[in-house]
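To keep things clear, I will list the structure first and then write my remarks on it.
The values are calculated or read from the model by the stated rules, or taken from the named source; none is laboratory data. Nothing here was measured: the structure is a model prediction, and the numbers come from that model. Heads up, the Cβs are rebuilt from the backbone with ideal geometry, glycines too, and the neighbour counts pull from every protein chain shown. Just the protein is used for accessible areas: all its heavy atoms, side chains included, with ligands, DNA and RNA removed. Shrake-Rupley method; radii C 1.70, N 1.55, O 1.52, S 1.80 Å.
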Amino acid sequence: MRKKFFAVREVRHWNRLPREAVALSSRAPAPPAALNPWDVMLCVSGTAIACENALVVAIICYSPALRTPMFVLVGSLATADLLAGLGLILNFVFQYVIRSETVSLLTVGFLVASFAASVSSLLAITVDRYLSLYNALTYYSERTVLCIHTMLAGAWGVSLCLGLLPVLGWNCLHDRTTCSVVRPLTKSNVTLLSASFFLIFLIMLHLYIEICKIVCRHAHQIALQQHFLTASHYVATKKGVSTLAIILGTFGASWLPFAIYCVVGDADYPSVYTYATLLPATYNSMINPIIYAYRNQEIQRSMWVLFCGCFQAKVSFRSRSPSDV
């Protein structure tokens with residue numbers, strides 16, 4: 001009788017095993033998601049951004065001559081874009097390798113802080129260009145250096161706070177109805193980011209208009225002193241205004257579609273709209289090194305020194321002001 005009892009108990013135990021196995025299999029990790037071509041393009045874009053800006057950061061750190069306020073700002077912009085590129089790469093890796101809501105939240109916060117620092121650095125560069133023309137006689141004073149460092153500290157501090165907001169709880173992980181077109185950010189979060197961008201864009205637009213006025217006024221004063229406006233002065237003025245228009249136009253064309261879509265878009269819209277507006281925004285970080293770094297003669301010389309040794313270390317560098325466009 002006792003043997004029969006244990007036999008029945010053993011049979012019941014084996015009958016329960018398939019159910020427990022099914023329960024365990026239901027809690028197993030989900031299979032990896034199918035590879036999204038948009039995510040691949042974002043990863044490729046992030047790789048190009050990281051490589052370009054890493055070179056700029058290395059050149060500025062390597063060359064002691066590049067220590068003027070202009071190059072400090074360019075270094076800040078390159079650092080922010082470098083971090084943004086790394087963030088895009090990490091987002092791709094964690095999305096397809098380590099699928100975790102916590103990791104995704106950290107990655108999104110890192111990207112928000114990096115891109116916010118990039119846009120803020122562009123604003124700081126615009127302010128510096130305006131000051132270099134408006135206060136040309138006192139531009140190279142210690143007060144200017146203090147002003148630059150203060151602007152950068154404020155820009156990076158605000159950017160860090162914006163990146164920490166979703167990590168500290170301003171996200172839609174627990175309430176899907178509040179999600180925006182950029183999950184896991186909430187609608188109110190992306191609205192704040194978009195409003196901040198529109199404000200920065202308007203300030204930059206106003207400052208660049210003032211810069212154009214100053215450039216044209218300087219050209220007019222030179223013409224009055226020489227009794228006529230030479231062709232070289234006209235060409236230089238036209239080139240400077242065109243360069244400023246290209247800089248602002250590139251910035252607006254890259255970020256405005258994404259900022260507008262974040263305000264008018266809804267989480268139920270197809271994700272292809274988010275990708276189609278976000279990808280051009282990343283191109284701005286790819287173009288920034290070309291506009292602000294690689295076109296500069298001092299950085300070009302430093303690149304030759306760093307890679308080819310075509311110039312001696314004692315070569316003299318003439319640090320130009322940011323107004324030289």
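Each of Leu202, Leu122, Leu55 has its accessible area taken with a 1.4 Å probe; listed largest first, they run Leu202, Leu55, Leu122.
Spacing of the modelled spin labels on Ser271 and Thr177, each 7 Å from Cα toward Cβ, amounts to 2.4 nm.
The convex hull defined by the C-alpha atoms of the stretch 75-199 has an orientation-averaged projected area of 8.3 nm².
Phe94 contributes an accessible area of around 60 Å² to the protein surface, as traced by a 1.4 Å probe with all chains present. Remark: accessible surface ordering of Asp268, Asp128 (largest first) is Asp268, Asp128, probe radius 1.4 Å.
Taking N as the number of residues in the stretch 126-200, what value does Rg over Cα atoms divided by 2.2 N^0.38 Å take? Rg over 2.2 N^0.38 Å, computed on Cα atoms: 1.58.
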